[in-house]
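The values are calculated or read from the model by the stated rules, or taken from the named source; none is laboratory data. Predicted model only: the values in this text are computed from it and were never measured. Quick reminder, even Gly has a Cβ in these numbers, built from the backbone with ideal geometry, and neighbours come from all protein chains shown. In case anyone asks, the SASA skips ligands and DNA or RNA and just uses the protein heavy atoms, side chains included. Shrake-Rupley method; radii C 1.70, N 1.55, O 1.52, S 1.80 Å.
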Amino acid sequence: MLTFNSIDVETANADRASICQIGIVHIRDGHIEDQWQTLVNPEDWFDPWNVSLHGIDESTVSHSPTLPDVRDELRARLRGTILVSHTSFDRVAFERAMTRYDLEQLQVAWLDSAMIARRAWPESYGRSGYGLKNIAKDLGISFTHHDALEDARAAAEIVLHACTSTEIDIEGWIRRVERPIFP
């Protein structure tokens, strides 16, 4: 089975609860079925360092919905699904943002594409070098880094490459990431 969702967020500052952009890619039977992206007003300040990465600032999100405004859309798209993110950054960002607004946490099974890559190609990424940009470059995946939708798509494509090269499906990866990189 190669059906899952992939997500990425950008944040306004070092506080992971300051989500200012969300990108979601829906994969069905190994192919992109749908994509969704929104800017989010984090109701927080923007660090110039973060702005230099993603180009989103206060004026960009001034008329954008807040996280509570997009909660129903997130729930409709994600509830009960397997949700891929590259590293734990996005999972922690959602946990903190949902707590900040006193919203129910996303009801998903989180799966980390960095953990998958580290196990699929341990000789290349087992110990280091497993950043999204590095793996995507090595696999020939072109994308615009620090754009939430583009990052979500790159993470999804990494997982699809890993599934193809190892012949392990998504359910198999859920079990495999629980075991050590080097058996």
Rounded to the nearest 10 Å², the accessible area of R28 using a 1.4 Å probe with every protein chain kept is 130
From the Cα centre of the range 56-133 to that of the range 1-42, the distance in Å is 6
For T11, other-chain or 5+-apart residues with amide H closer than 5 Å (H placed, Pro excluded) are C20
Over all viewing directions the Cα convex hull of the range 25-75 casts an average projected area in nm² of 4.7
Judged on accessible area alone, 1.4 Å probe, highest first, V70, V108 line up as V108, V70
In cubic angstrom per residue, the convex hull of the range 15-104 built on its Cα atoms measures 112
Under a 1.4 Å probe, counting only protein heavy atoms, D57 has an accessible area in Å², nearest 10, of 50
Ordering M98, M1 by the accessible surface of their heavy atoms, 1.4 Å probe, largest first, yields M1, M98
Spelling it out for A109: with amide H atoms placed in the peptide plane at 1.01 Å from N, the residues 5 or more places away or on another chain with amide H under 5 Å from its amide H are T81, I82, L83
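Taking the Cα centre of the chain as origin and charging only Cβ (+1 Lys, Arg; -1 Asp, Glu), how large is the dipole, in debye to the nearest 20? Kindly include the intermediate steps, with their values, before the conclusion.
Working: 18 positive and 29 negative charges, 144 e Å.
Dipole magnitude for the chain comes out near 700 debye.
Which value, in Å², gives the accessible area per residue of the chain when a 1.4 Å probe is used on the protein heavy atoms? Could you put the intermediate results ahead of the total?
Details: 8850 Å² over 183 residues.
Ligands and nucleic acids excluded, the result is 48 Å² per residue.
Can you give me the convex hull volume of the Cα atoms of the range 84-158, divided per residue and expressed in Å³?
Details: hull volume 6.8 nm³, N = 75.
In the range 84-158, the Cα hull volume divided by residue count equals 90 Å³.
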With all protein chains in place and a 1.4 Å probe, I24 shows an accessible area in Å² (nearest 10) of 0
Carbon/sulfur accessible area of the range 85-183, % of total, 1.4 Å probe, equals 48
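Can you sort F94, F182 by 1.4 Å-probe accessible area, starting with the largest?
Working: F94 0, F182 95 Å².
Result, largest first: F182, F94.
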Quick P(r) readout (the chain; Cα-Cα; 5 Å bins; whole %) gives 1, 9, 17, 21, 19, 15, 10, 5, 1, 0, 0
